[in-house]
Amino acid sequence: MSGQAVRINATTWPIAQGQTVWATWTKNGVNQTPVGAQFGYNAGNNSYWTVDLGSFARGDQITYTVNADVNGASQKSTTPFSFSTTSWSQVTNVTSVVDNGTSVDLVTGDSAGDFIPRIRYVFPRADGFDTQIAPTGSGLTLAGTAPYVLTQNATTVTIATSGIQLKIQKSPYRLAVYKADGTTLVTRQYDPAVFRNIGWASDGESTVTKIEDHLLSPTGERFEGFGERYDRLDHRGSDVLNYVYNQYQDQGSSKRTYLSVPYFTNSAGYGVHVPSTRNAIFNMATARSDMVGFTVDTSGALDSTLTYQFFTGSPAEMLDDYTASTVRPALPPKWAFGLWMSANEWNSQARVEAEFAKVAQTGIPHTAIVLEQWSDEATFYLWKGANYTPKAGSGKFSSSELTFPANGPWTNPKAMIDQAHAQGIKVLLWQIPVLKENFSTNPTTAPQQHLNDKAHAIAQGFVAKNGDGTPYRIPSGQWFGDSLIPDYTSDAATQWWMSKRDYLVDEMGVDGFKTDGSEAVFGRDVQFADGRTGDEMHNAYPNEYTGAYADYVSEKVGSEGALFSRAGTSGAQANSIFWAGDQSSSFGAFQEAVRAGQSAGQSGIPFWSWDLAGFTGSFPSAELYLRSAAQATFSPVMQYHSEKADPVPSEARTPWNVQARSGNTSVVPTFSKFANVRMNLLPYTYTEASNSAATGAPMMQAMAYAYPGDNQAAARDQQYLYGRNLLVAPITSAGATSKELYLPAGEWYDLWNGGRALGGTKTYSAGLDTIPVYAKAGAVLPLNLNASYELGGAIGNSVDNYTNLTFRVYPSSAASSYGYFDDSAGVTKQITQVADRVGNTVTVGLPALATKSTLQVSGTKPRV
């Protein structure tokens, strides 16, 4: 931008004496004096240099080429680079108002005098609106449906619906938003006399690179959401980057995330969604202490626009509206809410079958296994060690075309999958969206089938491309560097890629896939079949990838299939369950995971998990493992996983291995109790999951979401509501034997002993075999219990039938109801209760159910 110093970074290789680097360049088409580079440092086989070009003025057009003299030979960058120099301008006064019938346009002035900007307000909802800002006054295409009333006078424009009022000051332009009664201020745009409210970065002639908006925000307002965020729930005082990134460990300190969503809510009662996959930054009271804003990159075109959606209401109402306007979360199958098992070291059939034997021996109920080390890690669809005759890249395999040597890692994978199913365990296989490169220093070590596939994909145009039409490769410093990536925006490429996996699902019975990776698009000129480029696709590519697999699994397996994914952005909730990525085994990472699950839920992604007790680093202690298992019992998906491929001793986070390595003989029985509680909770969990799919509500509800008017609750980021009725306060600090928790106003019941408590701060003592959990007064908790009606008692892993469907009632002085999802009938049935505090009697209305059911009353003798 104008006035900013421009520095070019360059690298040469190999390292040699006497090298020089310089830049040749032009300014506005005129050749300039070449600028020599300063040597920085050597690292590996490379030398690193910097070229300082200086700063430029608005409208300057710069083109440059990097040159080097290496061993007496001249080298240069293959194509020149160029940029336009921009500066900020902003709206001034409203010059005219246009009523389009379904939207209202405000035409304004431009402080630089270059454009005739236009701001469009559209009302698809009665309690919110969409805004589209076009610096050039073109490209406005939104259409609304909700009725509004437009009035204006010499100084003010007012637009009102049944739920919201917009008041626009004309000179200078400034927007204020009110609730329908006209008295409660929700927000207003920032004072343009102090700082621009709406602005754009432009060269004044041909380019608009960024557009931004700023709102006034008094001290104390909270800002939550933004996707899966590990460092905090309230982002006030922080710059939040909307950028998907593969961050290995330390997600909290780096402030990076795999799952970035440009949606946030404000504690004053509004929310904003910026439906763009381009780079955006949200400045939450950082540039100025009373101002928040968002700056969004554009394509650079002169007719660029910024669109954002504005929601009002409670956090629940806004999330319902947000997911309704984007996409609803896809409801996973019921088996997904049991216990999942995974470890990278399970790289052979013998090892997997040994784990199945341990499951049977301990009786710990599992419902899913993820196999990561199963494939040749080249095609990602052929089993490691399988014998076959390579096909043309256009072909696909059937099971009969593969043979499995008796001394190979996988001897009969179909039989292994059948065994898993016989034990009630579903099977998912690991996937990566790449055509892998760099197998070793000798490229011929790549399997011939992979080479055939790669050649076919290039010839057919099934891979992403550079701006010059050559195949795009992931940068060498990134995971799977130098590899090609499939173009899932091409139907033909997607069909080709997915068809290779037909035999896995159709013949071997695989139930889903772990769709890892996809944070792979870097560079603005990367080209895709649907016309999008790298600046849009960096954040969007993970959604295209998981969307392709979601459609495939849905077609093949129906509602009984599932995906387990890491990366995505707004709309990803329609495709998959997500997990928190590569976290270390530490209490700090545990705390970050608890925040990340809540943050993801606040952003429309309710079906979420983490690798309990961590994925990598030091092997977890028994304390960390059991505290994590307790928390994961009350999280959307419970699973354990570990990184190392062939460690000695084993690094698997199985309860039997943690017990063996720690020497703590309570690990297996305690973990077994938690796993059984997980299965006991299945009727409740699946009911809450059904509600989340219908409304977008989180399954891990942050306290600010569940109790938006309670500032004490909002500050507690290490406790949450699991579903709508259970408050969970995991112990996430090393050495702690108690938890200070906060119960919002009202009555609460201890899940484990039925003890009644009133709202306020509590200290809850908890050994490694328990976790603080309270049920709301008035709650009805559907459970699946064993013959002894014992919470945590052995129950098995069946998800098809409930042993004893039990409705545990928590008395309240007021009537209450709960919508139990009876999946056997596919309907939600309302269970109502009327309670009398004095007599401690409860009357319950229970609808006809398809299975045996029992009522329990917490805190009293059971009465029906």
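How big is segment 35-78 in terms of Cα radius of gyration and Dmax, in angstroms?
Reported Rg and Dmax, both Å: 13.4, 40.
From the phi angles alone, apply the Karplus equation (6.51, -1.76, 1.60; θ = phi - 60°) to segment 577-584 and give each ³J(HN,Hα) in whole Hz, x where the residue is Gly or Pro.
Running phi through 6.51 cos²θ - 1.76 cosθ + 1.60 with θ = phi - 60° gives 8, 10, 10, 7, x, 8, 9, 7 Hz.
Equivalent-ellipsoid semi-axes (√(5λ), Cα gyration tensor) for segment 257-326, whole Å, largest first? Could you put the intermediate results ahead of the total?
Working: eigenvalues 92, 57, 27 Å².
In descending order the semi-axes read 21, 17, 12 Å.
Identify, among PHE380, PRO433, LEU216, the residue whose Cα sits farthest towards the positive end of the charge dipole of the chain, taking +1 on the Cβ of Lys and Arg and -1 on the Cβ of Asp and Glu, with the dipole about the Cα centre.
Looking along the dipole axis, the top candidate is LEU216.
Assign one of three labels to segment 333-387, namely rounded, prolate or oblate, based on the Cα gyration tensor with a ≥ b ≥ c the square roots of its eigenvalues; rounded applies when a/c is under 1.5, prolate when it is not and a/b is larger than b/c, and oblate otherwise. Display every interim value, and only then the final one.
On the way: a/c = 3.10, a/b = 1.63, b/c = 1.90.
Verdict is oblate for segment 333-387.
Ranked highest first by average number of other Cβ atoms within 10 Å, how do 744-751, 54-61, 254-261, 635-642 line up? Please list the in-between numbers first.
Working: 744-751: 18.8, 54-61: 15.8, 254-261: 23.8, 635-642: 26.0.
Averaged packing, sorted descending, gives the order 635-642, 254-261, 744-751, 54-61.
Report the semi-axes of the equivalent ellipsoid for segment 604-673 in whole Å, largest first, where each axis is √(5λ) for an eigenvalue λ of the Cα gyration tensor. Please list the in-between numbers first.
On the way: eigenvalues 87, 49, 14 Å².
Three semi-axes, in Å: 21, 16, 8.
Please work out the Cα center distance from segment 378-412 to segment 590-613, rounded to the nearest Å.
Segment 378-412 and segment 590-613 have Cα centres separated by 37 Å.
May I ask for the equivalent-ellipsoid semi-axes of segment 513-614, computed as the square root of five times each C-alpha gyration tensor eigenvalue and listed largest first in whole Å?
On the way: eigenvalues 126, 70, 26 Å².
Gyration-tensor ellipsoid for segment 513-614: 25, 19, 11 Å.
Mean residue ellipticity at 222 nm from the helices of the chain, using -39,500 (n - 2.57) per DSSP H segment of n ≥ 4 over the full residue count, to the nearest 500 deg cm²/dmol? Before the final figure, lay out the partial values.
Working: 15 runs with 162 residues, N = 864.
One gets -5500 deg cm²/dmol as the mean residue ellipticity at 222 nm.
About the Cα centre, and with charges only on the beta carbon of Lys, Arg (+1) and Asp, Glu (-1), how big is the dipole of the chain? Nearest 20 debye, please. Display every interim value, and only then the final one.
On the way: 61 positive and 75 negative charges, 301 e Å.
That gives a dipole near 1440 debye.
Find the Rg to Rh ratio for segment 433-591, where Rh is the Kirkwood radius over alpha-carbon pairs and Rg uses the same atoms. Don't skip to the end; give the middle numbers.
Values: Rg = 16.3 Å, Rh = 16.7 Å.
Over the Cα atoms of segment 433-591, Rg/Rh equals 0.98.
Computed over the Cα atoms of segment 635-770, what is the ratio Rg over Rh, Rh following Kirkwood? All intermediate terms of the calculation are to be shown ahead of the outcome.
On the way: Rg = 17.3 Å, Rh = 17.2 Å.
Taking Rh as the inverse mean 1/r over Cα pairs, Rg/Rh reads 1.01.
Shape verdict for segment 735-815, please, from the Cα gyration tensor: rounded (a/c under 1.5), prolate (a/b greater than b/c) or oblate. Walk me through the numbers before you get to the answer.
Numbers: a/c = 3.04, a/b = 1.35, b/c = 2.25.
Because a/c hits 1.5 or more and a/b fails to exceed b/c, segment 735-815 counts as oblate.
Give, rounded to the nearest 20 debye, the magnitude of the charge dipole that segment 138-238 has about its Cα centre when Lys and Arg contribute +1 at Cβ and Asp and Glu contribute -1 at Cβ. Intermediate results must be reported in sequence, preceding the final value.
Numbers: 11 positive and 11 negative charges, 65 e Å.
Here segment 138-238 has a charge dipole of around 320 debye.
Report, please, the projected area of segment 1-57 averaged over directions, based on the convex hull of its C-alpha atoms, in nm². Let's see the in-between values first.
Numbers: hull surface 18.3 nm².
Over all viewing directions, segment 1-57 projects a mean Cα-hull area of 4.6 nm².
Return the aspartates and glutamates within reach of LYS776: Cα separation strictly under 12 angstrom, same-chain partners fewer than 8 residues apart disregarded; answer none if there are no such residues.
Straight-distance partners of LYS776: GLU747, ASP750.
Identify the GluC sites (Glu not before Pro) of segment 208-248 meeting these criteria: DSSP loop state and at most 15 other C-beta atoms within 10 Å of the C-beta. Show your work: numbers first, answer last.
Numbers: sites: GLU212, GLU221, GLU224, GLU228; in loops: GLU221, GLU228.
Taking segment 208-248 and a limit of 15 other Cβ atoms within 10 Å, no loop GluC sites (Glu not before Pro) are found.
Return the tail of the calculated pair distribution for segment 33-131, meaning the percent of Cα-Cα pairs more than 18 Å apart.
On the way: 3367 of 4851 pairs.
In whole percent, the share of Cα-Cα pairs in segment 33-131 beyond 18 Å is 69.
If the cut-off is 12 Å between C-alpha atoms, which aspartates and glutamates fall inside it for LYS414, apart from same-chain ones fewer than 8 positions away?
ASP506, GLU507
At a 1.4 Å probe, what is the % contribution of carbon and sulfur to the accessible area of the chain? Don't jump to the answer; show the numbers that get you there.
Values: 15030 of 31090 Å².
So the carbon and sulfur contribution to the accessible surface is 48 percent.
Within straight cross-link reach of LYS500, meaning Cα distance under 16 Å, which aspartates and glutamates are found once same-chain residues fewer than 8 apart are removed?
The qualifying aspartates and glutamates are ASP376, GLU377, GLU401, ASP453, ASP487, ASP491, ASP511, ASP551, GLU555.
Please list the non-local residues whose amide H lies under 5 Å from the amide H of GLN639, H modeled 1.01 Å from N, same-chain partners needing a gap of 5 or more.
TRP340, TRP610, LEU612
If the only charges are +1 at each Lys and Arg Cβ and -1 at each Asp and Glu Cβ, what is the size of the charge dipole of segment 582-686 around the Cα centre, to the nearest 20 debye? Could you put the intermediate results ahead of the total?
Numbers: 7 positive and 7 negative charges, 66 e Å.
With only Lys, Arg, Asp and Glu charged at Cβ, the dipole is about 320 debye.
What is the set of long-range amide H partners of TYR764 at a cut-off below 5 Å, with H atoms built 1.01 Å from backbone N?
Here the answer is LYS739, GLU740, LEU741, since their amide H atoms fall under 5 Å of that of TYR764.
I'd like to know which of PRO744, ALA459, ASN31 lies farthest towards the positive end of the charge dipole of the chain, counting +1 on Cβ of Lys and Arg and -1 on Cβ of Asp and Glu.
Value computed over the given set: PRO744.
Debye sum, Cα scatterers, segment 374-474, no solvent: what log₁₀ I/I(0) at q = 0.10, 0.16 1/Å?
-0.36, -0.81
Using 29 Å as the Cα-Cα cut-off, could you pick out the over-long pairs in LYS514/LYS644; LYS391/LYS465; LYS27/LYS255; LYS334/LYS358; LYS465/LYS514; LYS358/LYS514? List each step's numbers first, then the result.
On the way: LYS514/LYS644 17 Å; LYS391/LYS465 25 Å; LYS27/LYS255 37 Å; LYS334/LYS358 23 Å; LYS465/LYS514 26 Å; LYS358/LYS514 23 Å.
As for pairs spanning more than 29 Å Cα to Cα, those are LYS27/LYS255.
For segment 540-582, what value does the Rg/Rh ratio take when both radii are computed over Cα atoms and Rh is the Kirkwood radius, given to two decimals? Each step should come with its number before you reach the end.
Values: Rg = 10.0 Å, Rh = 10.4 Å.
For segment 540-582, the value is 0.96.
Would you mind calculating the gained length between ALA406 and ASP468 on full extension (0.36 nm times residue separation, minus the Cα-Cα distance), in nm to one decimal? Don't jump to the answer; show the numbers that get you there.
Values: separation 62, 0.36 × 62 = 22.32 nm, distance 4.85 nm.
Result: 17.5 nm gained on full extension.
Can you order the peptides 23-32, 71-80 by their average number of other Cβ atoms within 10 Å per residue, highest first? The partial results should precede the final answer.
Values: 23-32: 14.5, 71-80: 10.5.
Output ranking for 23-32, 71-80: 23-32, 71-80.
Please report the spacing between the Cα centers of segment 221-300 and segment 674-719 in Å, no decimals.
23
Each residue of segment 366-379 in order: what ³J(HN,Hα) in whole Hz does its phi give by Karplus 6.51 cos²θ - 1.76 cosθ + 1.60, θ = phi - 60°, with x for Gly and Pro?
Result, rounded to whole Hz: 10, 10, 8, 10, 10, 9, 9, 8, 9, 9, 6, 6, 9, 7.
May I have the convex hull volume per residue, in Å³, for the Cα set of segment 551-661? It would help to have the intermediate numbers written out before the result.
Details: hull volume 13.1 nm³, N = 111.
Once divided by residue count, the hull of segment 551-661 is 118 Å³.
Would you please give the residues with an amide H less than 5 Å from that of ASP110, counting only those at least 5 places away or on a separate chain, with H modeled from the backbone geometry?
Result for ASP110 returns THR92, PHE115.
The values are calculated or read from the model by the stated rules, or taken from the named source; none is laboratory data. Worth saying up front: this structure is predicted, and the values here are computed from it rather than measured. Because the Cβ atoms are built from the backbone with ideal geometry, glycine has one as well, and the counts that use them run over all protein chains shown. For accessibility, only protein heavy atoms count, side chains too; no ligands or nucleic acids. Shrake-Rupley method; radii C 1.70, N 1.55, O 1.52, S 1.80 Å.
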